[in-house]
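The values are calculated or read from the model by the stated rules, or taken from the named source; none is laboratory data. The model shown is predicted, which means the values in this text are computed figures rather than measured ones. Ligands, DNA and RNA are excluded from the accessible area calculation, which covers all protein heavy atoms including side chains. Shrake-Rupley method; radii C 1.70, N 1.55, O 1.52, S 1.80 Å.
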Amino acid sequence: MTLYELSVEYAKSADLLWGRISALERQRKEEPDEGRRGLLEGRIRPLRAMYRETRAVARRLERYYIKFTPRRDRVPLPGIRSMYPMDHRRRK
(Lines give C-alpha, C1' and ligand atoms only; values in the text may rest on other atoms or scores of the structure.)
Protein backbone atom coordinates (compact mmCIF):
# COMPACT_ATOMS: atom_id res chain seq x y z
CA MET A 1 0.00 0.00 0.00
CA THR A 2 1.36 3.40 -0.96
CA LEU A 3 1.08 6.53 1.15
CA TYR A 4 -1.43 7.94 -1.33
CA GLU A 5 -3.65 4.86 -0.97
CA LEU A 6 -3.36 5.18 2.78
CA SER A 7 -4.43 8.83 2.49
CA VAL A 8 -7.55 7.69 0.64
CA GLU A 9 -8.40 5.35 3.53
CA TYR A 10 -7.91 8.18 6.01
CA ALA A 11 -10.15 10.43 3.90
CA LYS A 12 -12.87 7.75 3.93
CA SER A 13 -12.58 7.52 7.71
CA ALA A 14 -12.85 11.30 7.95
CA ASP A 15 -16.00 11.20 5.81
CA LEU A 16 -17.54 8.60 8.13
CA LEU A 17 -16.70 10.75 11.14
CA TRP A 18 -18.23 13.80 9.47
CA GLY A 19 -21.41 11.84 8.75
CA ARG A 20 -21.69 10.82 12.38
CA ILE A 21 -21.04 14.39 13.56
CA SER A 22 -23.76 15.68 11.22
CA ALA A 23 -26.25 13.09 12.46
CA LEU A 24 -25.54 13.94 16.11
CA GLU A 25 -25.80 17.67 15.41
CA ARG A 26 -29.20 17.17 13.77
CA GLN A 27 -30.30 15.10 16.73
CA ARG A 28 -29.04 17.79 19.12
CA LYS A 29 -31.01 20.53 17.32
CA GLU A 30 -34.22 18.50 17.54
CA GLU A 31 -33.73 17.55 21.21
CA PRO A 32 -36.06 19.51 23.53
CA ASP A 33 -34.26 18.51 26.75
CA GLU A 34 -31.34 20.78 27.69
CA GLY A 35 -29.52 18.03 29.61
CA ARG A 36 -29.71 15.62 26.69
CA ARG A 37 -28.41 18.35 24.34
CA GLY A 38 -25.41 18.75 26.63
CA LEU A 39 -24.75 15.01 26.49
CA LEU A 40 -24.93 15.07 22.71
CA GLU A 41 -22.49 17.99 22.59
CA GLY A 42 -20.17 15.96 24.81
CA ARG A 43 -20.29 13.16 22.25
CA ILE A 44 -19.76 15.51 19.31
CA ARG A 45 -16.72 17.35 20.70
CA PRO A 46 -14.24 14.42 20.60
CA LEU A 47 -15.56 13.37 17.19
CA ARG A 48 -14.74 16.84 15.85
CA ALA A 49 -11.18 16.53 17.17
CA MET A 50 -10.85 13.08 15.61
CA TYR A 51 -12.19 14.44 12.32
CA ARG A 52 -9.68 17.32 12.24
CA GLU A 53 -6.76 15.00 13.02
CA THR A 54 -7.83 12.35 10.52
CA ARG A 55 -8.31 14.97 7.80
CA ALA A 56 -4.89 16.48 8.56
CA VAL A 57 -3.18 13.09 8.32
CA ALA A 58 -4.98 12.35 5.04
CA ARG A 59 -3.77 15.63 3.55
CA ARG A 60 -0.22 15.11 4.81
CA LEU A 61 -0.04 11.61 3.34
CA GLU A 62 -1.62 12.70 0.07
CA ARG A 63 0.93 15.48 -0.41
CA TYR A 64 3.96 13.66 1.03
CA TYR A 65 5.80 13.20 -2.26
CA ILE A 66 5.09 16.71 -3.57
CA LYS A 67 7.95 18.18 -1.53
CA PHE A 68 10.41 15.91 -3.37
CA THR A 69 9.35 16.83 -6.90
CA PRO A 70 11.09 19.79 -8.51
CA ARG A 71 8.91 22.82 -9.24
CA ARG A 72 10.19 24.16 -12.55
CA ASP A 73 7.00 26.09 -13.20
CA ARG A 74 7.72 28.48 -10.33
CA VAL A 75 9.26 31.71 -11.53
CA PRO A 76 9.92 34.62 -9.17
CA LEU A 77 8.10 37.84 -9.92
CA PRO A 78 10.15 40.81 -11.17
CA GLY A 79 11.69 42.66 -8.25
CA ILE A 80 11.44 39.67 -5.91
CA ARG A 81 14.69 37.90 -5.16
CA SER A 82 13.08 34.69 -3.92
CA MET A 83 10.09 32.57 -4.85
CA TYR A 84 9.29 32.16 -1.16
CA PRO A 85 7.94 34.89 1.12
CA MET A 86 10.37 36.51 3.50
CA ASP A 87 10.54 34.88 6.89
CA HIS A 88 9.03 37.35 9.34
CA ARG A 89 11.54 36.30 12.02
CA ARG A 90 14.55 37.37 9.98
CA ARG A 91 13.87 41.01 9.27
CA LYS A 92 16.92 43.21 8.83
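Just a few scattered comments:
- Output for segment 26-47, where each listed residue is farther than 23 Å from residue 13 by Cα and part of a helix (DSSP H, G or I): 29, 30, 34, 35, 36, 37, 38, 39
- Here residue 29 clears all of (1) open to solvent by less than 40 Å² (accessible area, probe 1.4 Å); (2) more than 20 Å from the chain's Cα centre (by Cα) except the condition numbered (1).
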